[in-house]
Amino acid sequence: MYKSALRYFSLFIFLVTLDKVNAQQKPYPFWNEIQHFKQQDSIQFPPAHAILFVGSSSFRFWKEVQQDFPGYTIINRGFGGSTLPDVIRYANDIIFPYHPKEIVIYCGENDLAEADSITPQIVFDRFKTLYQMIRKEYKKIPIVFVSIKPSPSRERLMPEMLAANLMVKNFLAKKRKSYFVDIYHKMLTPGGKPMLDIFVSDNLHMNRKGYAIWQQAIQPFLVKN
């Protein structure tokens with residue numbers, strides 16, 4: 001009886017330990033996507049002093065970003081449904097190795113959608129952390145933040161989006177070589193609702209009409225070759 005109980009207890013301890021090891025080995029979210037970027041880089045590393053687009057899936061799905069900005073060299077490192085902490089976590093993998101001459105960021109929308117407990121202030125604080133990381137490494141290059149967009153599927157979050165955008169805008173206005181691109185208001189109808197015809201069927205990601213709005217808004221802020 002005692003030996004049998006001891007065996008079951010030992011098995012229990014083994015399984016608990018195995019679970020802990022597996023949990024420790026489990027990669028962070030989007031780990032596979034980051035490894036894919038690194039594999040691409042090992043085959044052909046992007047040119048130095050390009051313009052780096054980094055952030056969430058609104059950049060990831062911008063497949064024509066290079067052709068939309070002719071005359072500019074673009075590196076697109078948008079990934080998954082990433083949040084600002086994800087971009088911060090992988091900065092050493094997808095930002096700093098490239099030595100870009102400019103960084104364009106789109107992120108923060110997924111933060112607000114992640115949970116009701118994520119406030120505009122939290123999004124702003126996260127952005128400040130990322131901004132300070134970049135500025136510590138690159139003291140003089142331009143940093144551009146593309147405002148959080150008004151997605152129809154997330155219309156209930158529009159007040160929070162506006163608040164977070166305003167915090168970032170006011171912050172960047174006091175910083176050198178730091179710019180805020182307001183695409184939020186360009187994507188609204190005259191009645192103040194998100195345009196529906198610039199989004200694909202999920203009402204979250206954009207079609208070519210939507211990206212045309214972004215292209216026109218962002219291009220004046222890009223550093224020419």
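May I ask for the angle, rounded to the nearest 10°, between helix 120-137 and the longest principal axis of the chain, with both axes built from Cα atoms and the value confined to 0 to 90°?
Between the helix axis and the principal axis of the chain, the angle is about 80 degrees.
Put +1 on the Cβ of every Lys and Arg and -1 on every Asp and Glu Cβ in the range 101-225; which of Val104, Pro150, Asn165 then has its Cα farthest towards the positive end of the dipole?
Val104
Could you provide, to the nearest whole Å², the per residue accessible area of the chain with probe 1.4 Å?
Values: 12210 Å² over 225 residues.
Here the residues of the chain average 54 Å² of exposed surface.
Can you list residues from other chains, or at least 5 along the same chain, whose modelled amide H is less than 5 Å from the amide H of Gly81?
Close amide H contacts, sequence-distant or interchain: none at all.
As a test, work out the antiparallel percent of DSSP beta bridges whose residues both lie in the chain, rounded to the nearest 5. Don't jump to the answer; show the numbers that get you there.
Working: 2 of 19 bridges.
Approximately 10 percent, going by the DSSP bridge assignments.
For the range 75-200, what is the convex hull (Cα atoms) projected area averaged across all directions, in square nanometres? Please report the intermediate quantities before stating the final value.
Details: hull surface 31.8 nm².
Taking a quarter of the hull surface, the average projection is 8.0 nm².
Can you give the Kirkwood hydrodynamic radius of the chain from its Cα pairs, in Å with one decimal?
Details: mean 1/r = 0.0522 Å⁻¹.
Computed over Cα pairs of the chain, the Kirkwood hydrodynamic radius comes out at 19.2 Å.
Using θ = phi - 60° and the Karplus relation 6.51 cos²θ - 1.76 cosθ + 1.60, list the HN-Hα couplings for the range 38-47 in order, rounded to whole Hz, with x at every Gly or Pro.
5, 5, 4, 5, 5, 7, 8, 6, x, x
Given a cut-off of 27 Å, name the pairs among Lys136/Lys193; Lys169/Lys209; Lys101/Lys149; Lys149/Lys175; Lys140/Lys186; Lys38/Lys101 whose C-alpha atoms lie farther apart than that in the structure shown.
Details: Lys136/Lys193 39 Å; Lys169/Lys209 25 Å; Lys101/Lys149 25 Å; Lys149/Lys175 23 Å; Lys140/Lys186 29 Å; Lys38/Lys101 20 Å.
Distance filter (> 27 Å) returns Lys136/Lys193; Lys140/Lys186.
Please calculate the 1.4 Å probe accessible area of Thr73, with all protein chains present, and give it to the nearest 10 Å².
Surface accessible to solvent at Thr73 totals approximately 50 Å².
Taking all protein chains in place and a 1.4 Å probe, what share, in percent, of the accessible surface of the chain do carbon and sulfur account for? Present the calculation step by step, with values, prior to reporting the outcome.
On the way: 7070 of 12210 Å².
Roughly 58 percent, rounded to a whole number.
Springs between alpha-carbon pairs under 10 angstrom, Gaussian network model over the chain: which of His36, His99, His49 fluctuates most?
So, out of His36, His99, His49, the one fluctuating most is His36.
May I ask you to evaluate 6.51 cos²θ - 1.76 cosθ + 1.60, the Karplus curve with θ = phi - 60°, for each residue of the range 194-208 and list the ³J(HN,Hα) values in order in whole Hz, giving x for glycine and proline?
x, 5, 8, 7, 9, 10, 7, 5, 7, 6, 10, 9, 9, 9, 4
Amide H to amide H under 5 Å from Val144: which residues, 5+ apart in sequence or cross-chain, H placed 1.01 Å off N in plane?
Long-range HN contacts for Val144: Ile103, Val104, Ile105, Tyr179.
May I ask you to derive the FRET efficiency for Lys140 and Ser42 from their Cβ-Cβ distance with R0 = 22 Å, giving the value to the nearest 0.05?
Details: r = 29 Å, r/R0 = 1.32.
Between Lys140 and Ser42 the formula returns 0.15.
The values are calculated or read from the model by the stated rules, or taken from the named source; none is laboratory data. The structure displayed is predicted, hence computed values, not measured ones. Please note: Cβ atoms are built from the backbone with ideal geometry, for glycine as well, and neighbour counts cover all protein chains shown. Side chains included, ligands, DNA and RNA excluded: accessible areas come from the protein's heavy atoms. Shrake-Rupley method; radii C 1.70, N 1.55, O 1.52, S 1.80 Å.
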